Amino acid sequence: MNTILRYLLLLIASAVTALAAPSARASAWLRRSVFTVLLCVSTSATHADFDAGVKAVKLRLYDEAFANLLPEAQAGNSTAQLYVANMYRRGYGIARDMAMAVQWYQRAADQHEPSGMYNLGVHLRDGIGVSADQEAATQWFERAARKGHTAAMLSLGLRLFKGKG
């Protein structure tokens with residue numbers, strides 16, 4: 001992060017000097033590079049929150065993990081959405097809430113996250129936090145299986161063998 005900030009300061013200093021020059025092409029490229037660096041800085045901060053959340057999960061500091069991962073999940077990070085869903089499902093760092101777990105699995109599944117698809121299928125199959133829907137469960141298992149999710153392959157195979165869904 002310090003390297004990025006140093007680069008940003010150098011870039012801003014160069015931009016101020018170059019903007020005095022009459023070249024429109026130079027100022028356009030400098031504006032683009034400043035935007036890119038700012039984007040990198042904001043992305044680094046975001047990844048730092050996610051990384052801190054994952055580290056907190058590993059240390060079983062679930063309140064801290066949830067506080068770091070929830071904003072990431074809300075911002076669309078599908079891996080963070082899986083963590084948040086699992087935390088709701090198990091009651092880690094937040095009150096246990098199966099309906100919320102299903103909502104977060106749905107968000108991850110909608111982004112083509114295989115584990116989100118599989119877990120959503122499990123909840124739909126078993127009616128956990130949502131009304132049971134065998135056809136929808138089978139569809140989610142198939143989607144996850146097509147993405148290479150091993151447990152989904154097994155679940156789908158068993159369902160097809162038994163004629164369910």
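The values are calculated or read from the model by the stated rules, or taken from the named source; none is laboratory data. Being a predicted model, the structure only gives us computed values, none of them experimental. Cβ sites come from the backbone with ideal geometry, for glycine too, and all protein chains shown count toward neighbours. Ligands, DNA and RNA are excluded from the accessible area calculation, which covers all protein heavy atoms including side chains. Shrake-Rupley method; radii C 1.70, N 1.55, O 1.52, S 1.80 Å.
Summary of values
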read-out	value
Qualifying residue in the stretch 108-124 (condition: over 25 Å from A56 (Cβ atoms) and in contact with an Asp or Glu (Cβ under 8 Å, 6 or more places away or on another chain))	yes
2 or more residues within 16 Å of the chain's Cα centre (by Cα): qualifying helices (runs of 4 or more DSSP H) within the stretch 46-153	62-74, 78-90, 98-110, 114-126
Residue, most open to solvent (accessible area, probe 1.4 Å), within the stretch 138-160, restricted to residues that are closer than 12 Å to A109 by Cα and of a type in the set (A, V, I, L, M, F, W, C)	W140
Search result, residues across the stretch 60-76 that are buried (at least 20 other Cβ atoms within 10 Å of the Cβ) and under 18 Å from A101 (Cβ atoms)	A65, F66, L69, L70, E72, A73
Residue tally, condition open to solvent by less than 10 Å² (accessible area, probe 1.4 Å) and closer than 28 Å to G163 by Cβ, over the stretch 86-126	7
Every residue from the stretch 99-143 that is within 12 Å of L82 (Cβ to Cβ) and of a type in the set (A, V, I, L, M)	A101, A108, A109, M117, L120
Hits in the stretch 127-137 (condition: within 18 Å of M153 (Cα to Cα) and either of a type in the set (D, E) or surrounded by 15 or more Cβ atoms within 10 Å (Cβ to Cβ) (or both))	E135, A136, A137
Enumeration of residues in the stretch 45-79 that are under 20 Å from Q111 (Cα atoms), touching a Gly at 6+ places or on another chain (Cβ under 7 Å) and not charged (D, E, K, R)	L69, S78
